[in-house]
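Take a look at the structure set out below.
Readers should treat all values here as calculations from the given coordinates under stated rules, not as data from a laboratory. Computed from a prediction, not measured in an experiment: that's the story for all the values here. No Cβ is skipped: glycine too gets one built from the backbone with ideal geometry, and neighbour counts run over all protein chains shown.
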Amino acid sequence: MRSVTTEPQRFKILLVPEHVEGADGASLEDSAVRAAVVEATGETGASGYPRYAGDGMVADIDPRTRTVEAVLVDGDELDYGLSARVMS
């Protein structure tokens with residue numbers, strides 16, 4: 001029997017300056033310096049959360065809280081002053 005996962009298979013990640021306040025989707029998208037759609041890889045990252053990848057980003061995301069636990073952008077750590085936010 002095949003197990004069915006309830007974890008999302010795709011997320012949109014926005015890289016925004018840390019000073020951006022609020023969680024309003026429209027204001028976050030307007031402030032984003034980069035966006036990527038990432039899809040589940042089926043792997044678990046070093047953080048213990050599912051790994052998602054796409055558009056030059058690899059991220060470990062807690063699907064329950066929609067929190068980015070770890071992220072690489074084009075193979076590098078996130079630049080100082082930026083934060084990664086998950087959009088559904």
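Scanning segment 41-88 for residues that are polar (S, T, N, Q) and either assigned to a strand (DSSP E or B) or in contact (Cβ under 8 Å) with a residue 60 or more places away in the chain (or both) turns up T41, T44, T67, S83, S88. Scanning segment 71-87 for residues that are among the aliphatic types (A, V, I, L, M) and over 20 Å from P50 (Cβ atoms) returns a single hit, L82. Taking segment 24-66 as the range and being loosely packed, with under 13 Cβ neighbours inside 10 Å and either in contact with a helix residue (DSSP H, G or I) (Cβ under 9 Å, 6 or more places away or on another chain) or closer than 15 Å to L82 by Cα (or both) as the test, the residues that pass are D30, V33.
Can you report the number of residues in segment 12-40 which are in a strand (DSSP E or B) and among the charged types (D, E, K, R)? Of the residues in that region, 3 qualify.
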